[in-house]
Amino acid sequence: MSEPSPAKPTVSAAPGARPFRPWVPRPREAPADALTQLWLLARNPIDTWSRAHYERPVLWGKSLLGHVVVVNDPAAIRRVFIDNSANYEKDPLQLRVLRAGAKPGAGDGLLVASGETWKRTRRTMSPLFTPRRVAAFAQIMRLQADARVDSWLARRPGSIVEIDREMVRLAYDILSSTLFSEALASERTGFEREMMRLLDSIGRIDPLDVLNAPAWIPRLNQRRAAESRAWFETTIARMIDERERLIADQPDLAPDDLLTALLRASDPETGVGLTRAEVAANLFTFIAAGHETTARALAWTLHLLAHAPDWWERAAAEARGAPDDPAQWLEELPVVKAAFEESMRLFPPVPHLSRMALEPDVLAGVDVPAGATVVVAPWLLHRHKLLWSDPDAFRPERFLPGARESIDRFAYLPFGAGPRVCIGATFAMQEAMVALTCILRRVKLAPVLKREPRPVLRITLRPDDRIPMYVHPA
Ligand code: HEM
C-alpha cells in the first residue's frame, strides 16, 4: 500500500459553508427509447430517469416492462405499502432478478417469498430482530469496529485506506460475529469474492429478463450467479451441519445467535419450525440482504462527511462524548444519526422498489390497471423537487430533532414500508451508529481523489470505483 503525503483539505471547513453537493448523474431530458432503456437497465438503471421523474408526483406509460407507474407522491406510496398493500405483490422481474442462479426447489428466503410462506416465515423470524435482541449485539459490533480502526491506526499517519472495501469487511465481520458467532469467520475471502460476483451478475438486469424471454434461453448472468450460489450453498450447508451436531451433542454450548435461533425457531401460531431448505435459504438471505446494504451505506456516509468537514467535526465531537454503553448510541447521538440518515437519503442502499398491481387501483389520480408495475424508487423520491428543498445537497440538519418530525414517513424510505419493511432495520441502524461512532471518535478521514465516486445500481447502490481516504489519528 502506498503512503503519499498527508491530505491537503480540498473542501472549505468554515462553519456555515455552502453544503456539499455530491456528484449526481444529469437527468435525461426525455424518457429513453426502448433500445436505450435495455442498455441502461443492464449498465446502470439510475441513468434511465428523466427530469420529469424528479419533478412530477406520478408518471405512467408503456415501456418494455409493460404498463409502468412511477410514484413519488407520499399519499399514493402509503396506499401501495399500507392501505391497499394486499393489492401489491413483488413483481415478476424483481423476483426473477433476485432468484437468479437459484436451483429449482431451493426454498425461498424472506426477501422473495410470497403468500402463506412469506407470512409464516416473517412470523417465525420477527422475534429474532426485536430491539432488545439487537441491543445485545452492540458490544460485539463495537469490538469489531474498534478492531478495524486499530488496523488503520497501526499504519503511518497519512496512509491510505480504501473505505469502500474496509466497510465491506467491517460489515462482514459484524455479521459473522453477531449472527453466526464466527461460524463464517474463516470464509471471509471466498465470501467477499462470491458476494461481489453474485451481486454483480444478478444486479445487471438481463435484457432477456426484461423481455420476459422463456427461461430455457441461457442467460450469462444466471450462469455466473449459479456458480456463486453453489459456493454459498456448500458453505451454508456446512455451517448448518456443524451447528446441528453441536445442538445435538452439547446443547448448552450452542451460541445464542441467528443460526441457532433459525434452527430452533417455530411459528408462534402453529408451532411448526422451518424446513432445512428454508433455514438455508434464509441464512443466505440474511447474509445477502444484511451485508452489502449496510457496508455501502457506511461508505457513502464517510464519503459525504469527509467532504463536509464542518459536519465531520460536529459528529466527531458528539461521538467523543458518547455514553459508555454502545447500545445507547442508536438513540443518543442525534448528529451522527442525522448524518447517516441524510446519507441514506442521498444514496439509498436499496434505490429501487417495485410491486405488481393485482387488481385495478387509482394512485394519485392515475388509473393503475391490473398487472401494472408500480415503481417506488427511493433514489427518485429522496431527491424529488416537490418533497425536498435543495434535494442534491448534503444537509444533515434535515434529520436533526425538531426538523426530522416534519419529514413525511412516505417521502423517506431507506428501509421500505408496510408489511415487507426491512426486518433488519434496527440491526442495520445500530450497526451503522456503532461503526460511525467508533470511527469518528478515533480518526479523521480525508478524500484522496478529486474525482468523486459515481453511484451504480446493482440491486444496492455501490460506488463505481474505490474510495481511497487518508487516515489520521483524531
Ligand atoms: C442499511 C442497511 C439496510 C437497508 C437500507 C435495507 C433495506 C431494505 C429494504 C428497502 C427492504 C424492503 C424491500 C421491498 O420492500 O421490496 C428490505 C427488506 C429486507 N431486509 Fe433489509 N436493509 C438493510 C439491512 C438489512 C439487514 C442488516 C438485514 C438482516 C440482517 C436485512 C434483511 C432484510 C430482509 C430479510 C428483508 C425482506 C423482508 C420481507 O420481505 O419481509 N436488511 N431491506
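Can you say whether VAL434 is surrounded by 22 or more Cβ atoms within 10 Å (Cβ to Cβ) and either among the charged types (D, E, K, R) or more than 16 Å from the ligand (Cβ to nearest atom) (or both), as far as the supplied structure shows?
no
For VAL471, which of the numbered conditions (1) open to solvent by less than 10 Å² (accessible area, probe 1.4 Å); (2) under 23 Å from MET141 (Cα atoms); (3) within 16 Å of the ligand (Cβ to nearest atom); (4) not in a helix (DSSP H, G or I) fails to hold?
(3)
Being modelled with pLDDT of 85 or more, touching a helix residue (DSSP H, G or I) at 6+ places or on another chain (Cβ under 6 Å) and surrounded by 12 or more Cβ atoms within 10 Å (Cβ to Cβ) is the requirement here; does ILE240 meet it?
no
Considering every residue within the range 445-467, establish whether at least one is part of a helix (DSSP H, G or I) and either closer than 27 Å to ARG355 by Cα or hydroxyl-bearing (Ser, Thr, Tyr) (or both).
In the first step, residues of the range 445-467 are kept if they are part of a helix (DSSP H, G or I); the result is none.
Among the residues of the range 445-467, not one is part of a helix (DSSP H, G or I) and either closer than 27 Å to ARG355 by Cα or hydroxyl-bearing (Ser, Thr, Tyr) (or both), which makes the answer no.
Could you list, in sequence order, the residues of the range 385-410 that are of a type outside the set (A, V, I, L, M, F, W, C) and closer than 22 Å to VAL58 by Cβ?
If the condition is that a residue be of a type outside the set (A, V, I, L, M, F, W, C) and closer than 22 Å to VAL58 by Cβ, then LYS385, SER389, PRO391, ASP392, ASP408, ARG409 are the ones that fit.
Which helices (runs of 4 or more DSSP H) does the range 247-327 wholly contain that include 1 or more residues that are aromatic (Phe, Trp, Tyr) and farther than 30 Å from HIS472 by Cβ? Show your work before the answer.
Details: elements: 258-264, 276-306, 309-320.
Qualifying helices (runs of 4 or more DSSP H): 276-306.
Can you go through PHE427, PHE415 and tell me which one is assigned to a loop (DSSP other than H, G, I, E, B) and within 16 Å of the ligand (Cβ to nearest atom)?
PHE415
Does ARG165 meet the test of being assigned to a helix (DSSP H, G or I), in contact (Cβ under 8 Å) with a residue 12 or more places away in the chain and open to solvent by 40 Å² or more (accessible area, probe 1.4 Å)?
So ARG165 passes the test.
Considering ALA52, ALA42, which residue is more than 19 Å from LEU259 (Cβ to Cβ), open to solvent by 20 Å² or more (accessible area, probe 1.4 Å), in a helix (DSSP H, G or I) and free of Cβ contacts under 8 Å to residues at least 24 places away in the same chain?
Answer to the selection: ALA52.
Do we have any residue at all in the range 383-396 that's within 12 Å of the ligand (Cβ to nearest atom) and either at pLDDT 95 or above or open to solvent by less than 20 Å² (accessible area, probe 1.4 Å) (or both)? So that I can check it myself, show each step before the final result.
Of all residues in the range 383-396, those within 12 Å of the ligand (Cβ to nearest atom) come to none.
No, the range 383-396 has no match at all.
What number of residues within the range 438-468 satisfy the criterion of being out of contact with any strand residue (DSSP E or B) (no Cβ under 9 Å at 6 or more places or on another chain), away from the ligand (no atom under 16 Å from the Cβ) and open to solvent by less than 30 Å² (accessible area, probe 1.4 Å)?
2
Identify, by number, the condition in (1) in contact (Cβ under 8 Å) with a residue 40 or more places away in the chain; (2) surrounded by fewer than 16 Cβ atoms within 10 Å (Cβ to Cβ); (3) under 30 Å from ARG466 (Cα atoms) that ILE287 doesn't meet.
Looking at each condition in turn, ILE287 falls short on (2).
Quick one: which residue in SER63, SER85 is modelled with pLDDT of 90 or more and polar (S, T, N, Q)? Before you say what the answer is, go through the steps one by one.
Details: SER63 fails: modelled with pLDDT of 90 or more.
So the residue among SER63, SER85 that is modelled with pLDDT of 90 or more and polar (S, T, N, Q) is SER85.
In the list ARG355, ARG345, which residue meets the criterion of being of a type outside the set (Gly, Ala, Ser), touching a strand residue (DSSP E or B) at 6+ places or on another chain (Cβ under 6 Å) and within 13 Å of the ligand (Cβ to nearest atom)?
The unique qualifying residue is ARG355.
What helices (runs of 4 or more DSSP H) lie completely within the range 68-141 and have 1 or more residues being away from the ligand (no atom under 15 Å from the Cβ) and over 19 Å from LEU175 (Cβ atoms)?
Answer list for the range 68-141: 74-78, 131-135.
Only one residue in THR373, THR301, THR293 is β-branched (Val, Ile, Thr), more than 30 Å from GLY115 (Cβ to Cβ) and within 16 Å of the ligand (Cβ to nearest atom), so which one is that?
After ruling out the rest, the residue left standing is THR301.
Conditions tested, residue by residue: (1) within 18 Å of ALA289 (Cβ to Cβ); (2) hydroxyl-bearing (Ser, Thr, Tyr); (3) in contact with a Leu (Cβ under 9 Å, 6 or more places away or on another chain).
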site: GLY115; (1), (2), (3): no, no, no
site: LYS119; (1), (2), (3): no, no, no
site: THR124; (1), (2), (3): yes, yes, yes
site: LEU128; (1), (2), (3): yes, no, yes
site: ALA136; (1), (2), (3): no, no, no
site: GLN139; (1), (2), (3): no, no, no
site: ALA145; (1), (2), (3): no, no, yes
site: ASP150; (1), (2), (3): no, no, no
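The values are calculated or read from the model by the stated rules, or taken from the named source; none is laboratory data. Predicted model, so just to flag it, every value in this text is computed and none were measured. Positions of Cβ are backbone-derived with ideal geometry, glycine not excepted, and every protein chain shown enters the neighbour counts. SASA here: full protein model, heavy atoms, side chains in, ligands and nucleic acids out. Shrake-Rupley method; radii C 1.70, N 1.55, O 1.52, S 1.80 Å.
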